[in-house]
Amino acid sequence: MDPDNPFFNAVVELIATQTKMPSSVVEEQLEIPPPQTNADLAFPCYALAKQLRKSPNEIADNLAGTLKPAGIIKRFDAAGPYLNITANWSLFGDHLLKDIITKGNAFGSSSIGNEKTVLVDFSSPNIAKPMSVGHMRSTIIGDALARIYQHLGYKIIRDNHVGDWGTQFGKLLVAYEKWGSEEKVKNDPIPELLSLYVQFHDKAEKDPTLEDAAREAFRKLEEGDPKLVKTFEWFWKLSAESFKKTYDLLNISFDTWSGERRYVAAAKHLTQDALKQGIVKESKGAWIVPLDPLPPLIIQKSNESTIYASRDLAMLQERIKIPNIFSLLYVVGSEQKLYFQQLFAAAKKLNLLPDVIRATHVDFGLMSLPGGKMSTRKGRVVYLNDVIAEAARRAETIMKEKNPDLFTTDRGKDVAFHVGVGALKYADLSRDRIKNIVFSWDDLLSFEGDTGPYLQYTHARCTSILKKGGVTTPPSFRAAALTDTKEIAVLRSLAHFPHAIHRTVRENKPHIIAHAIFDLATAFNHFYQAVPVLQADAAVKAARIALVAATKTVLYTGLALLGIAAPEEM
Ligand code: ARG
């Protein structure tokens with residue numbers, strides 16, 4: 001039950017009593033009808049139809065005929081296979097608006113997470129390489145999920161599992177030794193390290209002995225050769241500092257930077273153990289975990305080094321020991337879909353993943369950034385800092401035209417920066433993460449349509465109405481004064497917000513929250529364009545001000561859950 005939503009609870013109770021379904025099942029099945037439906041909740045009758053061997057339409061008709069609306073419930077209507085339910089808004093509206101106004105940004109929060117620990121493995125770029133667009137998506141989606149889970153009372157660990165182990169570091173060390181300059185690497189670490197890496201590949205084509213040298217260097221690094229370790233640590237530090245600059249711009253932070261190399265020793269043990277237990281098999285010189293019907297997971301190649309998979313298994317071994325651990329979210333692109341299926345299946349076989357702990361691959365599609373595709377090998381790279389700077393610069397140009405006054409002080413630049421970053425994040429988070437995204441700067445930064453700036457602008461509009469009206473705390477009001485369908489549409493969107501948060505967590509899909517606040521902003525702008533707020537008669541004005549204040553709060557909170565700032569003025 002949702003203790004804060006008496007309408008929802010009344011609906012659940014009536015349907016559960018009538019159908020003899022458990023309340024928890026009814027609760028889970030209740031849906032938010034699409035905005036054009038003139039109803040507040042919808043109950044799909046398919047499950048019941050199956051059980052009672054009747055058509056869902058018949059069930060919906062029966063329910064609509066027998067259920068008696070009373071109090072906070074105004075109507076039950078059958079709509080095909082759905083039972084639509086409408087609230088008595090003069091009652092529910094009072095409750096809802098007061099709830100939002102008193103709770104402020106805690107509206108929609110809950111303690112359902114009960115301090116259970118959720119580890120979010122996200123961003124995870126590779127040392128000495130630029131962050132890819134995929135890493136950017138992981139960073140933005142992972143951060144949003146962490147914020148959203150936190151809102152529901154989960155304890156969050158944000159882990160940056162950087163790629164800092166593998167034979168490629170042998171190549172880099174050789175290249176640095178041969179052609180590198182300390183000065184150059186210090187001044188511009190990532191581009192310089194990348195160019196050394198590219199150079200290595202070019203030269204190794206003609207000179208195969210380089211590959212041997214790289215293998216040898218990596219072997220020495222594994223054995224702890226002090227000079228190589230020192231250089232490598234230096235690369236690590238420079239890379240992390242460079243990543244942190246990007247994270248700062250995005251206002252994103254981590255609790256831990258686990259890194260693959262920390263798990264090398266444990267991965268060796270684990271592989272040995274699995275060999276002894278006979279869980280792994282030899283196949284063409286490699287060691288594999290058979291996972292029929294999935295293809296087997298290779299955990300050791302012929303050269304005895306650890307690999308990505310064995311290090312991930314070793315990390316899992318540590319993660320399942322985290323106190324109160326409940327769920328592990330791996331926010332990584334869809335290209336690793338099969339890998340994670342194999343990883344989790346292998347972990348089960350190796351007893352590294354008890355049933356009580358959920359491990360989820362939160363996968364996402366490709367994104368093509370405006371400004372072209374990346375290719376690290378060919379040195380065609382888009383640096384995320386440049387993308388962020390470009391977004392801010394473009395936002396500034398657009399906003400200077402719309403609101404030149406804002407730029408008479410430093411504030412303008414600041415606001416433009418938040419609009420640019422917000423636009424970028426929102427473009428990512430507003431689409432179902434599994435879809436590929438192609439977008440242009442113009443779409444991204446438009447002040448109309450489903451964009452970050454549109455939502456931020458609507459929030460700023462709410463702020464300015466309240467300011468103009470000289471209201472800091474909304475006056476006492478009666479929601480009964482809100483009778484226009486456009487006002488009801490706003491109330492309805494406000495009421496949906498907590499549901500959107502719960503569904504987002506159920507599906508690990510932040511776009512559900514993005515849609516909820518976009519619908520709210522749309523409903524709000526229709527309302528605002530149709531009726532006066534500050535010029536209305538006293539009772540209506542008071543209620544409309546409360547509606548504006550509640551909308552401002554929910555837009556702010558929704559954007560904050562997505563990691564997007566909402567400036568007061570735009
Ligand atoms: N560094 C990896 C990459 O860039 C992502 C690591 C994801 N996390 C994990 N536990 N495997 O592809």
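Structure summary
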| item | result |
| --- | --- |
| Subset of the stretch 235-274 [more than 16 Å from the ligand (Cβ to nearest atom) and within 24 Å of Ser310 (Cα to Cα)] | Ala265, Lys268, His269, Thr271, Gln272, Asp273, Ala274 |
| Within the stretch 1-105, strands (runs of 3 or more DSSP E) holding 1 or more residues that are closer than 22 Å to Ala546 by Cβ | 73-79, 82-87 |
| Selection from the stretch 111-131 of residues that are assigned to a loop (DSSP other than H, G, I, E, B) and either buried (at least 19 other Cβ atoms within 10 Å of the Cβ) or within 13 Å of the chain's Cα centre (by Cα) (or both) | Gly113, Phe122, Ser123, Ser124, Pro125, Ile127, Ala128, Pro130, Met131 |
| Filter result for Pro532 (within 20 Å of Pro35 (Cβ to Cβ) and either open to solvent by 10 Å² or more (accessible area, probe 1.4 Å) or part of a loop (DSSP other than H, G, I, E, B) (or both)) | no |
| Candidate set: the stretch 426-440, residues that are of a type outside the set (Gly, Ala, Ser) and crowded, with 20+ Cβ neighbours inside 10 Å; chosen: the one nearest to Glu507 (Cα to Cα) | Arg433 |
| Close pairs (8 angstrom Cβ cut-off, 6 or more residues apart or separate chains): away from the ligand (no atom under 11 Å from the Cβ) in the stretch 329-345, in a helix (DSSP H, G or I) anywhere | Gln342/Ala309 |
| Set Asp443, Asp450: member being part of a loop (DSSP other than H, G, I, E, B) and acidic (Asp, Glu) | Asp450 |
| Filtered residues of the stretch 396-437 (kept if farther than 22 Å from Ser368 by Cβ and not in a helix (DSSP H, G or I)) | Asn403, Thr409, Asp410 |
| Unique match (being over 30 Å from Leu52 (Cβ atoms) and at pLDDT 95 or above) among Leu63, Leu96 | Leu96 |
| Filter result (within 18 Å of Ser334 (Cβ to Cβ) and more than 12 Å from the ligand (Cβ to nearest atom)) within the stretch 120-149 | Ile140, Ile141, Ala144, Leu145 |
| Residue list for the stretch 167-189, filter: open to solvent by 10 Å² or more (accessible area, probe 1.4 Å) and within 16 Å of the ligand (Cβ to nearest atom) | Thr167, Gln168 |
| Residue count for the stretch 401-413, restricted to those that are open to solvent by 80 Å² or more (accessible area, probe 1.4 Å) and in contact (Cβ under 8 Å) with a residue 24 or more places away in the chain | 2 |
| Set Ala309, Ala274, Ala314: member being in a helix (DSSP H, G or I), modelled with pLDDT under 95 and open to solvent by less than 10 Å² (accessible area, probe 1.4 Å) | Ala274 |
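The values are calculated or read from the model by the stated rules, or taken from the named source; none is laboratory data. Since the model is a prediction, treat every value here as computed from it, not as a measurement. Using ideal geometry, Cβ is built from the backbone for each residue, glycine included, and neighbour counts are taken over all protein chains shown. Just so you know, the surface numbers come from the protein's heavy atoms only, side chains and all, with ligands and any DNA or RNA stripped out. Shrake-Rupley method; radii C 1.70, N 1.55, O 1.52, S 1.80 Å.
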